[in-house]
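For reference, the structure is listed below as structure tokens.
The values are calculated or read from the model by the stated rules, or taken from the named source; none is laboratory data. Please read these numbers as outputs of a predicted model, since none were measured by experiment. With ideal geometry, Cβ positions are generated from the backbone for all residues, glycine too; neighbour counts draw on all protein chains shown. We work out accessible area using only protein heavy atoms, side chains counted, and drop any ligands, DNA or RNA first. Shrake-Rupley method; radii C 1.70, N 1.55, O 1.52, S 1.80 Å.
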Amino acid sequence: MDFTDSVKYYFFRLLILIGSVAVSLVVGKGILWVVASFMPYSLDNVRDFLLDDKVGSIVSAVVILLLIVPVFHDDAKKHAAYEDMDAVPVLIVLLLLLAVYFIPVIFYNPYDITQAGETAYYALYFPCRWLMEAFGADIKTAAALGMAIILGICFVVYQTTYVFYKRKHPFRFKEPDDDDMLGDVALIEE
């Protein structure tokens, strides 16, 4: 994989992360609110449970996992089949995604923030809010740890899928020490 393909790979994964955070906010906040509004009054405790920020945040984190994990699962199968990439560039991409997700929270100052800014931080870091609610973590710790857990699970899925695919399909497209094109032609002719 050359440099431009690596940059495209990173930016497409960044767009997937941003899109999955947006979808997770809609599901964790919006859809749970709609479901709770249809609950009868006799189920007030269920309604309160669905409207709790901790529950909505956990649902958001699970939605992000459900949207991102299949992408890295598919990446691992493709990378193992075509021997295009291994775990190191994928780990670098995951660390860059974590850094990009964490950068806005560096500038968070709870003593000097507008209502619009507070709403933006609430929306962006809603999937990590369960760490603030359950463990009393501040927003910076929750953002770093929450996204690190999600991306760590993605890396574990990538690595296990890569290893299992390589064991199941031991065929190699190219020789390990072959740098020239003649070796590939010799493999095709055999």
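Worth pointing out:
- Check on residue 38, more than 17 Å from residue 153 (Cα to Cα) and more than 18 Å from the chain's Cα centre (by Cα): yes
- If the condition is being hydrophobic (A, V, I, L, M, F, W, C) and touching a residue at least 40 places away in the same chain (Cβ under 8 Å), then the stretch 150-162 contributes 150, 151, 153, 154, 155, 157.
- On inspection, residue 73 qualifies as farther than 19 Å from residue 146 by Cα and at pLDDT 95 or above.
- Members of the stretch 1-31 found to be over 21 Å from residue 73 (Cβ atoms) and in contact (Cβ under 8 Å) with a residue 12 or more places away in the chain, listed by number: 25, 28, 29
- Evaluating residue 149 against the criteria (1) open to solvent by less than 50 Å² (accessible area, probe 1.4 Å); (2) of a type outside the set (D, E, K, R); (3) farther than 18 Å from residue 10 by Cβ; (4) in a helix (DSSP H, G or I) leaves one unmet condition, (1).
- Taking helices (runs of 4 or more DSSP H) as the structural unit, those lying wholly within the stretch 1-95 and holding at least 3 residues that are open to solvent by less than 30 Å² (accessible area, probe 1.4 Å) correspond to 3-25, 53-82.
- Subset of the stretch 107-131 [surrounded by fewer than 17 Cβ atoms within 10 Å (Cβ to Cβ) and under 24 Å from residue 65 (Cα atoms)]: 119, 120, 122, 123
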